[in-house]
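In what follows, a structure is listed as C-alpha cells, so that the remarks can point back to it.
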Amino acid sequence: MQTGKTTDRNIAELAGLYTKRINKYCAFEIVTQPEIKNTRNMPVQEQMEREGKRIIGSLSGEDYVVLLDEHGKEMRTSGLASWMEKTLMFPAKRLVFIIGGPWGFSKGVYDRADFSLSLSKLTFPHQLVRLLFLEQLYRAFTVIKGEPYHHE
C-alpha cells in the first residue's frame, strides 16, 4: 500500500514489470491511497493523522502490517528472504507492506504495525521506494526458490 500514485511513466513501467514477476510466486497487488487534498495550509501533523486514518481503515485485523520506514530494521537481501519465508508461514490473512507519504507515518499507524523494515538510511521519494522495494521483494522470492537472479 502506498500513498500517492506513481506519476513517472518509466518508474510505473518498471514497477509493473516487477509486480508481474512477483505474481508468479504469490497473489500480489499494489493498493494506492489517494493523496490528501488541499494540504497547502494544513499542519503536517493533521496531514499525517488523516493519512493514517485512511491507512488503518483499509486494513483488517488479520493483516500482518509491515511499514517501510527509515527507522525500521535493515537487512541484507538474504536476510529479507529468510524473514519473508518465516513471515509467510504466519496465519495472517494478508502480508501488507506500507509506504508512507512525505511526512512519514502517524502514531496510529506505528501502533498498528507488526514490523518496520528499512530499505536504507537514505531518504528516497515514495515513487522510488516502491520500485526499489518491488525489486527487492522479487529478489527475495528468487532466493527462497533457489533461482539464479541474486548473486552473493
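The values are calculated or read from the model by the stated rules, or taken from the named source; none is laboratory data. Note that the coordinates shown come from a computational prediction; the quantities given were computed from them, not determined experimentally. Positions of Cβ are backbone-derived with ideal geometry, glycine not excepted, and every protein chain shown enters the neighbour counts.
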- Those residues of the range 44-59 that are without any contact (Cβ under 8 Å) to a residue 12 or more places away in the chain and either under 11 Å from GLY108 (Cβ atoms) or among the aromatic types (Phe, Trp, Tyr) (or both) come to a total of 1
- Message: Quick check on PHE124: is it over 25 Å from GLY16 (Cβ atoms), of a type in the set (A, V, I, L, M, F, W, C) and in contact with a helix residue (DSSP H, G or I) (Cβ under 9 Å, 6 or more places away or on another chain)?
- Response: no
- Message: Checking TYR138 against (1) buried (at least 19 other Cβ atoms within 10 Å of the Cβ); (2) over 14 Å from the mean Cα position of the chain (by Cα): exactly one of these is not met. Which one?
- Response: (2)
- Query: List the pairs whose first member sits in the range 1-12 and is of a type in the set (Val, Ile, Thr) and at pLDDT 85 or above, whose second member is surrounded by 15 or more Cβ atoms within 10 Å (Cβ to Cβ) and not in a loop (DSSP other than H, G, I, E, B), and whose Cβ atoms are under 6 Å apart, counting only residues at least 6 apart or on separate chains?
  - Reply: ILE11/GLN127; ILE11/LEU131
- Which ones in the range 54-101 are assigned to a helix (DSSP H, G or I), touching a Phe, Trp or Tyr at 6+ places or on another chain (Cβ under 8 Å) and closer than 17 Å to SER120 by Cα? ALA81
- Tell me which residues, restricted to the range 79-94, are at pLDDT 95 or above and either touching an Asp or Glu at 6+ places or on another chain (Cβ under 9 Å) or of a type in the set (Ser, Thr, Tyr) (or both). SER82
- Query: Looking at the range 102-130, which of the residues that are at pLDDT 95 or above and in a helix (DSSP H, G or I) is farthest from TYR64 (Cα to Cα)?
  - Reply: LYS107
